[in-house]
1. All but one of (1) outside any loop (DSSP other than H, G, I, E, B); (2) open to solvent by 60 Å² or more (accessible area, probe 1.4 Å) hold for LYS190, so report the exception by its number.
2. Can you pull out every residue in region 75-85 that is open to solvent by less than 100 Å² (accessible area, probe 1.4 Å) and either at pLDDT 90 or above or in a loop (DSSP other than H, G, I, E, B) (or both)?
3. Among the residues of region 86-116, count how many are assigned to a helix (DSSP H, G or I), in contact (Cβ under 8 Å) with a residue 40 or more places away in the chain and either among the acidic types (Asp, Glu) or closer than 18 Å to LYS349 by Cβ (or both).
Amino acid sequence: MDLRSPINITTREEYWPALMNDLWFTRGAYFSRLRETAQLWHGGRFIRSVFRFRPMAGGGHYKMGAVHTNTKVPTIADGAFELKFFQQPIVEYKEELQVFNKGDNAIFSILDEDLSNGLETSEDHISYALFGSGNSDDSLPDGLSAMIGDGVLPSWNGDVIDKYAGISRADFSGGQMSGNIMWFGGPTGKLGDINFPKMERLYRKCCRGNKKPNLILSNHLGFSMMINKLEPQYRFEEVTDPMWGGDGYKFHSAYVMVDEHCPTSEGLDADENFDVGDFKTGTITNPVTVTKNGFPIVGNAPTLEIGEPIFVLNTDEQIMRLDDDPEYAFGFSGFLGNQDSERVVGRIKVAYALQGLGSRYNGLGLGAGG
């Protein structure tokens, strides 16, 4: 375009619509739900969570006159959750804000856009991290990969998590601290179909008494595969999630929703996602040496194709803890200047933790695809 043409010199351009289109950010079903139900952190070094892990000993039926065995055994244990810190810098130049981008000729406010983008970027970073484990970087939260780990089977990223909240899962032979990971793929590690028996089995593994999953998540491809495979066998009801407004359907008592931060074979790696998060699945080295939950052992399948992970969650047994200081609860620090330039920097800050109250109420299906 010739910027010096008579038309460009004498005629203003039109901006329509007079708003900025967002071609990047999306709201996630999981993070939105956690934000809606977050509980404030009021200080302290860490969160201590106490739980019962076994029944009492010595009980049983007896005949009159029998001698009872009175044994006291440990029945409670505790875990610890630490706050994680996140910051997003907002960098501005005073000349741009106070000289150029102002008045009627400022179609959009640079400052308003950058603050909005910074908040969305913060939420995206955290939302992606909540599907991981923090196994290789302890600045990250113990997300769903850690919560649903069982110390034997791998998560979607290949991590085998033998500890959660500082507790060794091997210390609990009944699996009280272990999540439910199932293999939906084939016996050689290749991808397999989603079907009703697999989904039903994973769902039931996450049910305990009156506690049942209330949210099933996958990305677009996994969601489409579920609805295509289950629809002929299952009468589903279309629903809107009251927590964030997204549409889905119900599988038993759980909302089935798309979460675009879910790991997926169609996802972006860290470079493609501007280092906001890596949520692209591929193949992992198979660490499984014992037959469990349909997983092939390493001798039959040296590598596993992850495909479209299916997360079966009971979010009533999960709490997002958010610091009660407004500055560390997605607040803004205000701008600080540099002595050698007109550049100013402010930060959006978050101090938070994901506190899982029961790994056994959550599940993960791997190997779905094809």
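1. Among (1) outside any loop (DSSP other than H, G, I, E, B); (2) open to solvent by 60 Å² or more (accessible area, probe 1.4 Å), LYS190 violates only (1).
2. THR75, GLU82, LEU83, LYS84
3. 3
Yes or no, residue by residue, for (1) surrounded by fewer than 20 Cβ atoms within 10 Å (Cβ to Cβ); (2) closer than 20 Å to ALA165 by Cα; (3) without any contact (Cβ under 8 Å) to a residue 24 or more places away in the chain; (4) in contact with a strand residue (DSSP E or B) (Cβ under 8 Å, 6 or more places away or on another chain):
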position	(1), (2), (3), (4)
ASP323	no, yes, no, yes
GLU327	yes, no, yes, yes
GLY334	yes, no, yes, yes
VAL344	yes, no, no, yes
ILE348	no, no, no, yes
LEU354	no, yes, no, yes
SER359	no, yes, no, yes
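So that you can scan it fast, the table gives a plain yes or no per residue for (1) out of contact with any Lys or Arg (no Cβ under 6 Å at 6 or more places or on another chain); (2) open to solvent by less than 20 Å² (accessible area, probe 1.4 Å); (3) of a type in the set (Ser, Thr, Tyr); (4) assigned to a loop (DSSP other than H, G, I, E, B):
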| site | (1), (2), (3), (4) |
| --- | --- |
| GLY151 | no, no, no, yes |
| GLY158 | yes, no, no, yes |
| ILE161 | yes, yes, no, yes |
| GLN176 | yes, no, no, yes |
| GLY186 | yes, yes, no, yes |
| MET199 | yes, yes, no, no |
| ILE216 | yes, yes, no, no |
| GLY222 | yes, yes, no, no |
| LYS250 | yes, no, no, no |
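Yes or no, residue by residue, for (1) at pLDDT 95 or above; (2) within 19 Å of the chain's Cα centre (by Cα); (3) among the polar types (S, T, N, Q); (4) outside any strand (DSSP E or B):
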| residue | (1), (2), (3), (4) |
| --- | --- |
| MET257 | no, yes, no, no |
| HIS261 | no, yes, no, yes |
| GLU266 | no, yes, no, yes |
| GLU272 | no, no, no, yes |
| ASP275 | no, yes, no, yes |
| ILE297 | yes, no, no, yes |
| ALA301 | yes, no, no, yes |
| LEU304 | yes, no, no, no |
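The values are calculated or read from the model by the stated rules, or taken from the named source; none is laboratory data. Please read these numbers as outputs of a predicted model, since none were measured by experiment. We place every Cβ from the backbone using ideal geometry, glycine too, and count neighbours over all the protein chains shown. Just so you know, the surface numbers come from the protein's heavy atoms only, side chains and all, with ligands and any DNA or RNA stripped out. Shrake-Rupley method; radii C 1.70, N 1.55, O 1.52, S 1.80 Å.
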